[in-house]
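K.L.:
So that we are looking at the same thing, I have put the structure below in C-alpha cells.
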Amino acid sequence: MLHVRSIWNGAISFGLVSIPIKLVNATESHSISFRQIHLEDGGRIRYRKVCELDEREVSSTEIGKGYEDADGTIIPITDDDLAHLPIPTAKTIEIVAFVPADRIDPLQMDAAYYLQAGGAPAAKPYALLREALKRSNKVAIAKYALRGRERLGMLRVVGDAIAMHGLLWPDEVRAPEGVAPETSITVRDKELDLADALMDTLGEVDLDDLHDEYREAVEEVVAAKAAGETPREAPAAPSSGKVLDLMAALEKSVRAAKESRGEEPHPAEEPTEAEEAEVSRLPQRKSTRTAPKQTGGKKSTSTAKKTTAAPRKSTAKKTTASKSTAKKTAAKKTTAHKTTARKTTAKETPATKRPTKKTTSGKRTA
C-alpha cells in the first residue's frame, strides 16, 4: 500500500485510543476516457479557467475557494479556515457506534477506502481494532470530514486491513415512491417454482471471472482505427420468437441456462409451439367460396351458413325418395333419376330460403 498516494491523513478515534492512519482509495476506474475534439480538423477542445473580472486565464495556484451568498456576493474560504473548524472530525475518524453489518442499507454505500496504519506506533492499536471487529462480527459507524464536508462512514475488516465505506446520510437516500407497479399483481406458485429453478440452474459465479466486455470492445475499435483498419462488425443478435407469456419465458430461460452448462433438458421442458410462436397479426385470407346471389332482401353471412345446411337435409330426403322410386322403375329410369338428383343437389347447395321449391329457379340462375 506504500506506493498508493494517500488522500487524507489523520487518526481513528476509538474511545481514548488514537490510531494514526492514512486514507487511500480502495478502488480504481478502468473505463476508457475520451477527449472532445473539433470534428472539422480533429483539434482538441479545451476548457480554460478565465477570471471574469480581468478576462485572463489563471493557473491552478491562483485559484481558491469561495462561497456564493444569496445576493451573489462571493465570500473567500481558505484551507486554513477549514482546517480549524470547531469539530472533532476535521482530522479524525470518530467511531460513534458498533452495529451488525445487516443494519446498513446498501443504498447508503458510497466510495470505498483502505485505512493504512500511519507508522510503527499505530500498528498495535490498529491490530486491536481489527481483531475486535472480527470477533464481534460487527461494523463500526464513524464520522469524518473530507473535501469540505462531514461524512458518515462504515469500518469493516477486509483480509488483514481495515476498510472504510463512505455512507450517504439517511436523508440523502430517496424513498422508492412511485417505482413499484401500482396495479395488483398475483404471482402463482408455479411461476415461483420456475423462477426458483432458473435461479438454481444459473447457480453462483466467481466475480473474478467477470470482466468488462464493453471496455474490451472499445479498445479493439481504438486499436483498429489507429492501425488504419476497419473495426470488426458487431455480431448479429440471435433471433428469437416473442414468448407469449411469463410461464413460457421462464421455461425457455431454464432450458437455455441448462444448455449453456451442457446439461440435458428434462423431457417436460422441451419447447412447445406456444413458446416458439411469435405474436403477429395473421393476414386476411381471401375466401374461395362464391357468395350466394341475393334474390331479395339483405342476407347476412350467418343466414347463408344456416341455409346451406338446410338443403343437405332436403337432399337426403330426396335421395331416399329417389331410391324408393328406383326400385319400382326400370334400370334406365333409375340411372336418369339419380343423375337428375345429383344435378339438383349441386344446384341447391348455395343458400336459398326455400330449397325444396327452388330447384327449377336454381337451374335458371345457373
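K.L.:
Using a 1.4 Å probe and ignoring any ligands, DNA or RNA, find the accessible area of I45 and quote it in Å² to the nearest 10.
P.N.:
I45 exposes around 70 Å² with every protein chain in place.
K.L.:
Shifting gears a bit: Counting only Cα, what are the radius of gyration and maximum Cα-Cα distance Dmax of the range 73-175, in Å?
P.N.:
15.5, 54
K.L.:
Under unit Cβ charges (Lys, Arg +1; Asp, Glu -1), what dipole magnitude, rounded to 20 debye, does the range 1-144 have relative to its Cα centre?
P.N.:
The calculated dipole for the range 1-144 is roughly 1160 debye.
K.L.:
Rg and Dmax in Å for the range 135-218, alpha carbons only: what are they?
P.N.:
Spelled out, the Cα radius of gyration and Dmax of the range 135-218 are 20.7, 54 Å.
K.L.:
So for the range 1-78, taking the charge dipole from beta-carbon charges (+1 Lys/Arg, -1 Asp/Glu), which of N9, T78, I19 sits furthest toward the positive end?
P.N.:
I19
K.L.:
Between E62 and E204, with labels modelled 7 Å along Cα→Cβ, what's the label distance in nm to one decimal, could you check?
P.N.:
6.0 nm
K.L.:
Would you calculate the separation in nanometres between label points at E131 and D80, each defined as 7 Å from the Cα along the Cα-to-beta-carbon direction?
P.N.:
For E131 paired with D80, the spin-label model returns 4.5 nm.
K.L.:
To make sure I understand the rule: partners must be aspartates and glutamates, Cα under 19 Å from the Cα of K190, and not fewer than 8 residues away in the same chain. Which ones qualify?
P.N.:
The reachable aspartates and glutamates, counting only those whose Cα sits under 19 Å from K190, are D200, D245, E251, E269, E270, E275.
K.L.:
Additional query: Given R₀ = 35 Å, FRET efficiency for L53-V218 by Cβ-Cβ distance, to 0.05?
P.N.:
The formula returns an efficiency of 0.25 here.
K.L.:
To continue, here is another question. Picking from A117, S136, G153, whose Cα lies most toward the positive end of the charge dipole for the range 1-157 (charges on Cβ: Lys, Arg +1; Asp, Glu -1)?
P.N.:
Final value for the positive-end residue is S136.
K.L.:
With every atom except the alpha carbons ignored, what do you get for Rg and Dmax of the range 23-122, in angstroms?
P.N.:
Cα radius of gyration and Dmax of the range 23-122 are 21.5, 60 Å respectively.
K.L.:
What distance in nm lies between label points placed 7 Å from Cα along the C-beta direction at D41 and D69?
P.N.:
With each label point 7 Å from Cα toward Cβ, the separation is 4.6 nm.
K.L.:
Report, largest value first, the span of the C-alpha coordinates of the range 145-189 along each principal axis, in whole Å.
P.N.:
47, 31, 11
K.L.:
Give the calculated FRET efficiency between I104 and R188 to the nearest 0.05, with a Förster radius of 22 Å applied to their Cβ-Cβ distance.
P.N.:
According to the calculation, E is roughly 0.05.
The values are calculated or read from the model by the stated rules, or taken from the named source; none is laboratory data. Just so we're clear, the structure is a prediction, and the values are computed from it rather than from any experiment. Counting neighbours? That spans all protein chains shown, and the Cβs are built from the backbone with ideal geometry, glycine included. Keep in mind that these areas ignore ligands, DNA and RNA; they rest on the heavy atoms of the full protein, side chains included. Shrake-Rupley method; radii C 1.70, N 1.55, O 1.52, S 1.80 Å.
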